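Sharing a structure here in structure tokens format.
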Amino acid sequence: MAELHIIGQIVGASGFPQSSLFCRWGVHTGGAWRLLSGLREGQTQVDSPQSSDTAFWSHPIDLHYTTKGLQGWPKLHLQVWHQDLFGRCELLGYGYCHVPSSPGHHRLRCATWRPLGSWQEQLAQMFVGGGPQLRSPDVIYSGADRYRLHTVAMGTVELELGIILRNFDKYGVES
Amino acid sequence: MTTNHPTVFLLMINGQIEGANFAEFDDLYCKYCFVFGHDWIPTSGLEEGISQISSQGHGTQCGLVWNFPLEITFKSTNPFGWPQIVVSVYGPDAFGNDVIRGYGAVHVPLSPGKHVRTIPMFVPQSTSTLQKLTSWFMGRRPEFTDPRVVAHGEGREVTRVRSQGTVTVSFNILTKDMKKLGYDTTDPHSPGLACPSPHDL
């Protein structure tokens, strides 16, 4: 059986309007994949940068998957949230990226987006905060029901992932 | 030296903690330690160390220089739990007490070769303004009881931190028997060093 190791970290985020940020992340795979060790989801610390405009999390990711097929290659999905002084959390962006399929060290920049409500909701959001959120996080990494959404672009999340493949060439897979 | 059916592979790390870039702080020293999974065993070298105290350079040199050597070899049966280096930087505050100036961690690079990593540093933040004030007076800033916590993913969602400064570490990596065990760690398409063909020599 072929194995995949994802070893890296969620470095940080930049380009968001607020600064006290944290990220909820998860990895979604198809049915043929089985997670042998590691945490498939998590939440980073809340970082408020002292001088730069990039929030740094350096959150480690170490996952060991085994698979019987290539379908459903792992996808990493992210939700960037802002925590204010009072401890309230506000959603700032959703994003996803496929885990790279070639071995080696990769630097990924994942763009994020936020759902946009009606003009009344946008006005209320300017004063009160909050804003529409997705009911289920599946929409972040699937294309099925996207046509219903109207979204606005937010900042980018930086990731550094190292990929190790094992036995893929034995099965004739070139990467 | 060669075995037909190896069961372990070796990871040899040579490198140095080159230095740091902290805008507001001076006279800093760093401690490092390696954090690794259950399948990994260090076979030689030092797992932890403390550097010298270094001051900011003058003139065109900005940033601190430690030039602190790292030499360690691991053996393992499984890439899960790949070693991470955890760096903690300490320095004096206004009253002369030793306080934490930053924690940071990065995975040791996966593929053989020379790699440079810039690690962003962060400090835990006090939960209330009163605690911030008292800790500034008493010289006891919030710090982690065990810096290794920085290398783990769980339990971090409740920590509030402030990021400040970076530390630069360079690595030279050698691996043995990873290919024999079926592991593929290098990008075949990356522009790396090409083997000289017989025509060039």
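The values are calculated or read from the model by the stated rules, or taken from the named source; none is laboratory data. Remember, it's a predicted structure, so these values are computed and weren't measured experimentally. Heads up, the Cβs are rebuilt from the backbone with ideal geometry, glycines too, and the neighbour counts pull from every protein chain shown. Just so you know, the surface numbers come from the protein's heavy atoms only, side chains and all, with ligands and any DNA or RNA stripped out. Shrake-Rupley method; radii C 1.70, N 1.55, O 1.52, S 1.80 Å.
Would you please give the FRET efficiency between A:L123 and A:H98, computed as 1/(1 + (r/R0)^6) with r the Cβ-Cβ distance and R0 = 45 Å, to the nearest 0.05? Don't skip to the end; give the middle numbers.
Values: r = 37 Å, r/R0 = 0.81.
Working from the Cβ atoms, E equals 0.75.
Set the Förster distance to 56 Å, then compute FRET efficiency between B:N97 and A:H150 from the Cβ-Cβ distance, nearest 0.05.
On the way: r = 54 Å, r/R0 = 0.96.
Rounded to the nearest 0.05, the efficiency is 0.55.
Then there's this: State the percentage of accessible surface on chain A attributable to carbon and sulfur atoms; use a 1.4 Å probe and exclude ligands, DNA and RNA. Walk me through the intermediate numbers first.
Numbers: 4300 of 8500 Å².
Result for chain A: 51 percent of the exposed heavy-atom area is carbon or sulfur.
Turning to a different aspect of this structure: How much accessible area does B:D146 have with a 1.4 Å probe, in Å² rounded to the nearest 10?
70
Measuring from centroid to centroid over Cα atoms, what is the spacing of the range A:150-175 and the range A:1-71 in Å?
11
Now for a different question. Summing -39500 (n - 2.57) over the DSSP H runs of n ≥ 4 in chain A and dividing by its residue number, what mean residue ellipticity at 222 nm do you reach, to the nearest 500 deg cm²/dmol? Let's see the in-between values first.
Numbers: 2 runs with 14 residues, N = 175.
Theoretical 222 nm ellipticity from helices: -2000 deg cm²/dmol.
Using the alpha carbons of the range B:93-154, what is the convex hull volume per residue in cubic angstrom, as a whole number? Write out the running numbers ahead of the final one.
On the way: hull volume 7.3 nm³, N = 62.
That works out to 117 Å³ per residue.
From largest accessible area down, sort A:S175, B:S111; use a 1.4 Å probe on the protein chains.
Working: A:S175 45, B:S111 15 Å².
Descending accessible area places them as A:S175, B:S111.
When ligands, DNA and RNA are left out and all protein chains stay put, how many square angstrom of accessible area per residue does chain A have with a 1.4 Å probe? Intermediate results must be reported in sequence, preceding the final value.
Working: 8500 Å² over 175 residues.
Using a 1.4 Å probe on heavy atoms only, each residue of chain A averages 49 Å².
Using the Cα gyration tensor of the range B:9-200, with a ≥ b ≥ c the square roots of its eigenvalues, what is the shape: rounded (a/c below 1.5), prolate (a/b larger than b/c) or oblate (neither)? Walk me through the numbers on the way to the answer.
Values: a/c = 2.53, a/b = 1.73, b/c = 1.47.
Prolate, because a/c is 1.5 or more and a/b exceeds b/c.
Could you tell me how many degrees, from 0 to 90 and to the nearest 10, lie between the Cα long axis of helix A:119-128 and the main elongation axis, the longest principal axis, of the Cα atoms of chain A?
Helix A:119-128 sits at roughly 80 degrees to that axis.
Given charges of +1 on the Cβ of Lys and Arg and -1 on the Cβ of Asp and Glu, with all other atoms neutral, how large is the dipole of the range B:9-200 about its Cα centre, in debye to the nearest 20?
Numbers: 15 positive and 18 negative charges, 52 e Å.
Roughly 260 debye, rounded to the nearest 20.
Where a ≥ b ≥ c are the square roots of the eigenvalues of the C-alpha gyration tensor, would you call the protein assembly as shown rounded, which needs a/c under 1.5, or, failing that, prolate if a/b is larger than b/c, or oblate? All intermediate terms of the calculation are to be shown ahead of the outcome.
Working: a/c = 1.99, a/b = 1.09, b/c = 1.83.
It comes out oblate by the Cα gyration axes.
Same structure again: Roll a 1.4 Å probe over the protein chains and send me the accessible area per residue for the range B:9-200 in Å².
Numbers: 9790 Å² over 192 residues.
Accessible area per residue, the range B:9-200: 51 Å².
Next question. In the range B:9-200, what percent of the accessible surface is made up of carbon and sulfur (1.4 Å probe, ligands and nucleic acids excluded)?
Here carbon and sulfur together make up 56 percent of the probe-accessible area.
Counting only protein chains, not ligands or nucleic acids, how are B:I53, B:I13 ordered by accessible area (probe 1.4 Å), most first? Intermediate results must be reported in sequence, preceding the final value.
Values: B:I53 115, B:I13 0 Å².
My answer, sorted largest first, is B:I53, B:I13.
Set the Förster radius R0 to 35 Å, insert the Cβ-Cβ distance between B:S135 and A:C89 as r into 1/(1 + (r/R0)^6), and round the FRET efficiency to 0.05. Present the calculation step by step, with values, prior to reporting the outcome.
Details: r = 26 Å, r/R0 = 0.74.
About 0.85, to the nearest 0.05.
Report, in cubic angstrom per residue, the convex hull volume of the C-alpha atoms of the range B:35-103. Before the final figure, lay out the partial values.
Numbers: hull volume 8.3 nm³, N = 69.
Taking only Cα atoms, the range B:35-103 has a hull volume of 120 Å³ per residue.
Let me ask you something else. Counting pairs of Cα atoms in the range A:5-69, how many percent are more than 17 Å apart? Write down the numbers at each step before the final one.
Working: 1011 of 2080 pairs.
Of the Cα pairs, 49 percent sit more than 17 Å apart.
To the nearest 100 Å², how much accessible surface do chains A and B hide from each other in total, with a 1.4 Å probe?
Details: alone 10090 and 12420 Å², together 19330 Å².
Heavy-atom accessible area buried at this interface is about 3200 Å².
Using only protein heavy atoms and a 1.4 Å probe, report how much of B:K132 is accessible, in Å² to the nearest 10.
100
Order the following by accessible area, largest value first: A:H59, A:H77, B:H58. Probe radius 1.4 Å; ligands, DNA and RNA are ignored.
Working: A:H59 0, A:H77 30, B:H58 165 Å².
Of A:H59, A:H77, B:H58, the descending order of accessible area is B:H58, A:H77, A:H59.
Considering only protein heavy atoms, what is the solvent-accessible area of B:F144 at a probe of 1.4 Å, reported in Å² to the nearest 10?
40
Separation of the range B:148-182 and the range B:54-106 by C-alpha centroid, Å?
12
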